[in-house]
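Below is one structure, written out as structure tokens; comments come after it.
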Amino acid sequence: ASLNTGWTSHTASVAQMTIGNGTISTVYKRIGSTVLYRGTITFGSTTAMHASNAPTISLPVDALTTGPSSLGMAGVTHFFDTSAGKRYPGVMLLGLNYGLLYLNVRQAADDTITVYSLNTAVPPAVGAGDVFHFSIVYEGA
């Protein structure tokens, strides 16, 4: 089967952030027990992050509860801060029925890279027009 066709739209729900007038677009494809899931969150002027927790996004198919998939399977994220023109790579960690969205942020003092949840206390400051992309492959239940 071609990966370019047969994607299904998914109406995702989020927690630990308020979408407001922003948008979420997600699609997935299931091939056997493998689920490919990708999406984009575009921030609006009323999109808001919560104070300290990583945002979560619902999965289109619950993850397998046992085996390698339940041991922290990770996908990738990419956040584009339009006002600063900066890009931040990150990881998406898998829960049983949600994905946790994180950013990798370089610490200026020692040049290390640390994984942070995207929230109001972590750079970058989010604003209208910012875009958060994610993609993950996991084993569905």
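What follows is calculated from the coordinates using simple rules that are stated; it is not laboratory data. Computed from a predicted model, the values in this text were never measured in an experiment. Here the Cβ positions follow ideal geometry from the backbone for every residue, glycine too, while neighbour counts run over all protein chains shown.
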Checklist entry - Once you put a point 7 Å from the Cα of ASN21 and another 7 Å from the Cα of SER135, both along the Cβ direction, what distance in nm separates them? => result 3.1 nm
Checklist entry - If all Cα-Cα distances of the range 8-54 are sorted into 5 Å bins from 0 onward, what percent lands in each bin, rounded to whole numbers? => result 5, 19, 23, 21, 15, 9, 6, 2
